[in-house]
Amino acid sequence: MKIAVIGGAGVRTVIFINGLLKRYRKLHIEEVRLFDLNQEKQEIIGKLCRHVVEREKEDLKVEVCGDCREAVRGVDYIVTTIRVGGDHSRVQDERAALSEGVLGQETTGAGGFAMAARAIPVLLDYCRIFRECAPDAWIFNFSNPSGMVTQALVSEGFDRVIGICDAPSATKFRMAQKLGVTEEDLSVEFFGLNHLSWIRSVKKQGEEILPQLLKDDAFLDSMQEFETFDHEVIRSSGFLPNEYLYYYYHREKAVANILVSGSTRGETIEQVNRQMFAELSQMDIEQNPEEALQTFLYYMQVRENSYMSIESGISARPLLEKGNLPVPDGMGYAGVMLDCIEGMQSEQGKELVLCVKNKGSLTCMADEDIVEVTCRVSRDGIVPVTFGEIPPYCENLIRTIKAYEKCSVEAIKTQDREKAVWALAMNPLVNSWSIAKKLEEKFYQDRCGQ
C-alpha cells in the first residue's frame, strides 16, 4: 500500500514518517510520496524524512514528487495538509481581526474563515485530481480549519474524506500519562465539532471517573488542555473541555493577552519556521544528516512548547538542549491517521475521534453535517457513537458554529461576498455585522494581493 502527503513540505511530515516507521509493516505500507508546491522546502523535508528512515535501518520508501498526479496515482491513502498563502497569510488574518478587536485564530476565530476561503477552492481542485488518479483512496484532511474544510469537501460529493485533528488524541494520551495507565486502559468520549468539543465520559479500566476528575484541582492544573480555564466553568458544565473552548469561554482574556504580548501565534510560527529553514538551507544535509535533524527538532520544540502561551498568558514550557533531542513518535495527526487505517484493516476495530458525517450521533445536527465525535472504526466502516440530546449550552454553540460553517462554505464556493459577511457575523467570536463587513473587505483584499 502507498500513502501520498499533499503539503509534504510541512514541518510535521518528518514526525509523520517517524510515527509510520513503527507500524508500516503491520499496516502493509511500503511507500510514502511527498508533494508540495514549495519544492525547495520539500527537498529539505524529504532529506530529513529519508534520514529518519535510514537511522532506524528500516526500508520504507520515501519519494519526493514534482507533480501532484505523480504523487497520488494509484495510492491507497492521501493526507492533505496544506497552508495556502503560507505562514504570512495567518499573520495577516490575525492582525486584521485584532485591529477590529476580535480574535483572528486560524480555526475558531475570524482567521478561520479567511483560511478556509483560501484552502477550500484549492482542496476541491486537488480532490478532483484524486478522483481521477486514485478513485478508491481514502483522503485524510488535516488542513485547517479541518471541520469546515471537511464539510466543504463532503458536501461536494467526496465521500471518502475523513477530517482528522490531533487535539483529542493528544488529550487522551496526556490523560493516560497523568492517571498512570495505558491508552488502551482509558476510554474517553468526545462530542461536538472540530475545536468545539466536550468530554462526556472518562473510563479507567471500565470505571467511570469523570466526576472525580472534575473535582480534582491538581489534575486540571496539570493538563495543558485544561489549565487555561477557570475551574468553575469546567465544573458547572459537567464536562472536560476541548482546549479551543478557551476562546469562547474566556475570549476577552485571550484578546487582552495577545495585545499585551505584542505578538500573535502566527507571527511566532512564521519566525520559527523562517529561522529553521534558513539554517537548514545552509547545511549539507546529506553529509551531516543528524546535525540537520537536531536543528529541525530544536525549532519544532520551540514551536510546540510555546503553544497557546500567548493567548492564555501562561509561560512557555522549558526547552531541552539541542544535540540529543528525540524524534517525536508521531502521536499527532499521523497517529490519528494510522490508527484509522489500522482500525479499517481490523475486525476488532479501534475507538477514535474523527470528523465525519453525523448520521444520528447528535440529535441536534443533520445526518450530513460533519461533526467531531468518538467513532468505532473497523472493517465494517466508521460508526459514530450515539450521544442523543446534549445540554442547551453545548447545543446552542454547536448549532451556531455549524450554521456559520455551512454559510461560510456556501459563500466561498459561490464567491458570494455578501453571504461571506453574514457568515462572519454569525461567528460568536465576531458577532457584529459591521465588524464582519470590515473583515471581509480586508480578507478579500489580502487574497487578491497573493
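Data for the structure
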quantity: Dipole of the stretch 282-330, positive end: most advanced residue of LEU293, VAL327, ALA316 [Cβ charges, Cα centre]; calculated: ALA316
quantity: Zone of ASP380's modelled label, taken as backbone nitrogen in the stretch 333-356 under 11 Å from a point 7 Å along Cα→Cβ; calculated: 347-349
quantity: Top of GLY206, GLY360, GLY335 by mean-square fluctuation, Gaussian network on the chain, Cα under 10 Å; calculated: GLY206
quantity: Relative contact order computed over the chain (Cα-Cα under 8 Å; 6+ residues apart), in percent; calculated: 16 percent
quantity: Under the Karplus curve 6.51 cos²θ - 1.76 cosθ + 1.60, θ = phi - 60°, whole-Hz ³J(HN,Hα) for the stretch 125-133, x wherever Gly or Pro sits; calculated: 5, 4, 4, 5, 5, 4, 4, 6, 9
quantity: Carbon/sulfur fraction of accessible area - the chain, other protein chains in place, 1.4 Å, %; calculated: 47 percent
quantity: Residues listed by number, the stretch 29-61, amide nitrogen under 18 Å from MET1 label point at 7 Å toward C-beta; calculated: 29-34, 59-61
quantity: In Å², nearest 10: area of TRP433 left accessible to a 1.4 Å probe; calculated: 120 Å²
quantity: Area of GLU368 that stays accessible when all protein chains are in place (1.4 Å probe, Å², to 10); calculated: 110 Å²
quantity: Sequence of TYR393, TYR249, TYR126 when ordered by accessible area, the most exposed leading, probe 1.4 angstrom; calculated: TYR393, TYR249, TYR126
quantity: Gaussian network model of the chain, springs between alpha carbon atoms under 10 Å - residue of GLN271, GLN92, GLN287 with greatest fluctuation; calculated: GLN287
quantity: Cα-projected label distance for ALA278 with GLU156, points at 7 Å along beta-carbon direction, nm; calculated: 3.7 nm
quantity: Extension gain (nm, one decimal) between GLN271 and SER99, 0.36 nm per residue minus Cα-Cα; calculated: 59.8 nm
quantity: Over the chain: helical MRE at 222 nm, DSSP H runs n ≥ 4 each giving -39500 (n - 2.57), nearest 500; calculated: -15500 deg cm²/dmol
quantity: Inter-label distance for ASN305 and ASP67, nm, one decimal - labels placed 7 Å from Cα along Cα-to-Cβ; calculated: 4.5 nm
quantity: Extension gain (nm, one decimal) between GLU208 and ASN431, 0.36 nm per residue minus Cα-Cα; calculated: 76.5 nm
quantity: Residue-span extension gain [LEU320 to VAL260] - 0.36 nm each, minus C-alpha spacing; calculated: 18.9 nm
quantity: Computed accessible area, PHE113, all protein chains, 1.4 angstrom probe, square angstrom; calculated: 10 Å²
quantity: Between the stretch 226-252 and the stretch 37-103, the alpha-carbon center distance in angstrom; calculated: 32 Å
quantity: Links that overshoot a 19 Å alpha carbon limit, given the list LYS26/LYS61; LYS172/LYS203; LYS22/LYS322; LYS357/LYS402; calculated: LYS22/LYS322
quantity: Cβ charges +1 (Lys, Arg) and -1 (Asp, Glu), total dipole of the stretch 347-450, debye; calculated: 260 debye
quantity: 20 Å reach of a label modelled at GLU290, 7 Å along Cα-to-Cβ, counting backbone N of the stretch 54-90; calculated: 54-59
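The values are calculated or read from the model by the stated rules, or taken from the named source; none is laboratory data. Here the structure is a predicted model, which means the values were calculated and not measured. Virtual Cβ from ideal backbone geometry, glycine too; neighbours counted across all protein chains shown. Quick note on the areas: whole protein, heavy atoms, side chains included, nothing else; ligands and nucleic acids left out. Shrake-Rupley method; radii C 1.70, N 1.55, O 1.52, S 1.80 Å.
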